[in-house]
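J.: Attaching a single structure in structure tokens format; questions to follow.
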Amino acid sequence: MSGEETTQRRPARLSARDVMSAPVITIDPQASVKEAAERLITHHISGMPVLTADGQLVGIVTEADLLHKESGPQGGGLLAFVRGSGEARKAEGLVVADVMTARVVTVTEETPVREIARLMTRHKINRVPVVRDGRVVGIVSRADVLRALARPDAEIADAVADVLLRELWIDTSKIRVEVDQGVVRLSGEVDRYSDKELAERWVAALDGVVAVDSRLTYRYDDRSARLGDRWPPPRP
């Protein structure tokens with residue numbers, strides 16, 4: 001129907017492709033420090049990848065890198081004379097190549113959002129460029145990751161149903177899924193104990209799920225099943 005709005009459901013598990021910003025604001029390594037500061041301010045961003053003329057990623061420059069220009073070398077005269085010091089180099093730098101962070105943590109479009117969150121925590125960084133075939137195609141910030149955590153309850157419910165049916169092949173006709181503020185409540189019956197365990201584990205790993213309150217029951221306890229056991233078990 002003309003004018004009818006259509007919505008595209010997001011996948012059950014979010015990856016960098018689903019949350020990244022694109023196209024990406026970038027800057028040349030030989031651009032001036034002042035130009036870098038102006039670009040960050042103009043685009044309301046706190047960091048951007050540094051690319052050569054042929055598109056090669058050589059670093060990332062952030063507000064923190066540029067602040068060294070205002071604060072100057074710290075630690076007294078000793079640091080000022082240590083030419084290899086990162087703080088001194090950034091404080092005296094004139095172009096982006098002088099102040100940028102050269103070692104850049106990157107991800108691909110398929111990298112799960114949860115893995116991106118772990119990388120940000122481990123490396124104490126606020127953003128990661130997304131690369132494809134060596135080229136930057138997007139960028140994911142901490143705000144993007146937080147938006148995944150704030151996933152709407154209705155979207156989480158759809159993701160839960162999708163995982164149960166399409167990935168675990170569990171009959172969802174006997175399962176009730178309720179989501180309130182990211183807490184997923186599962187009730188109903190599955191065939192086996194292993195189905196119950198898998199459902200709880202996989203649902204807990206979905207983006208936006210804060211906790212799982214499972215009241216699932218099962219018809220057959222397969223924890224002690226051995227090769228050769230009959231399934232389904234004979235009726236009494």
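The values are calculated or read from the model by the stated rules, or taken from the named source; none is laboratory data. Fair warning: this is a prediction, and the values are worked out from it, not measured in the lab. Cβ: placed from backbone, ideal geometry, glycine included. Neighbour counts: every protein chain shown. Remember, those area values only see protein heavy atoms, side chains included, never the ligands or the DNA or RNA. Shrake-Rupley method; radii C 1.70, N 1.55, O 1.52, S 1.80 Å.
J.: Restricting attention to segment 100-132, which residues are of a type in the set (S, T, N, Q), closer than 28 Å to residue 202 by Cβ and at pLDDT below 95?
T.: Once the filter is applied, which keeps residues that are of a type in the set (S, T, N, Q), closer than 28 Å to residue 202 by Cβ and at pLDDT below 95, segment 100-132 yields only 121.
J.: Can you tell which of 212, 203, 177 is closer than 22 Å to residue 19 by Cβ and β-branched (Val, Ile, Thr)?
T.: The match here is 203.
J.: Please work out if residue 211 is under 22 Å from the mean Cα position of the chain (by Cα) and either buried (at least 16 other Cβ atoms within 10 Å of the Cβ) or within 22 Å of residue 112 (Cα to Cα) (or both).
T.: yes
J.: For segment 94-110, how many residues are part of a strand (DSSP E or B), under 22 Å from the mean Cα position of the chain (by Cα) and of a type in the set (A, V, I, L, M, F, W, C)?
T.: Total satisfying the criteria: 1.
J.: Among the residues in segment 153-165, are any more than 30 Å from residue 23 (Cα to Cα), in contact with a helix residue (DSSP H, G or I) (Cβ under 9 Å, 6 or more places away or on another chain), of a type outside the set (S, T, N, Q) and surrounded by fewer than 17 Cβ atoms within 10 Å (Cβ to Cβ)?
T.: Yes; the residues of segment 153-165 include at least one that is more than 30 Å from residue 23 (Cα to Cα), in contact with a helix residue (DSSP H, G or I) (Cβ under 9 Å, 6 or more places away or on another chain), of a type outside the set (S, T, N, Q) and surrounded by fewer than 17 Cβ atoms within 10 Å (Cβ to Cβ).
J.: Continuing with this model, one more query. So which residues in segment 46-65 are of a type in the set (A, V, I, L, M, F, W, C) and open to solvent by 50 Å² or more (accessible area, probe 1.4 Å)?
T.: Once the filter is applied, which keeps residues that are of a type in the set (A, V, I, L, M, F, W, C) and open to solvent by 50 Å² or more (accessible area, probe 1.4 Å), segment 46-65 yields 53, 64.
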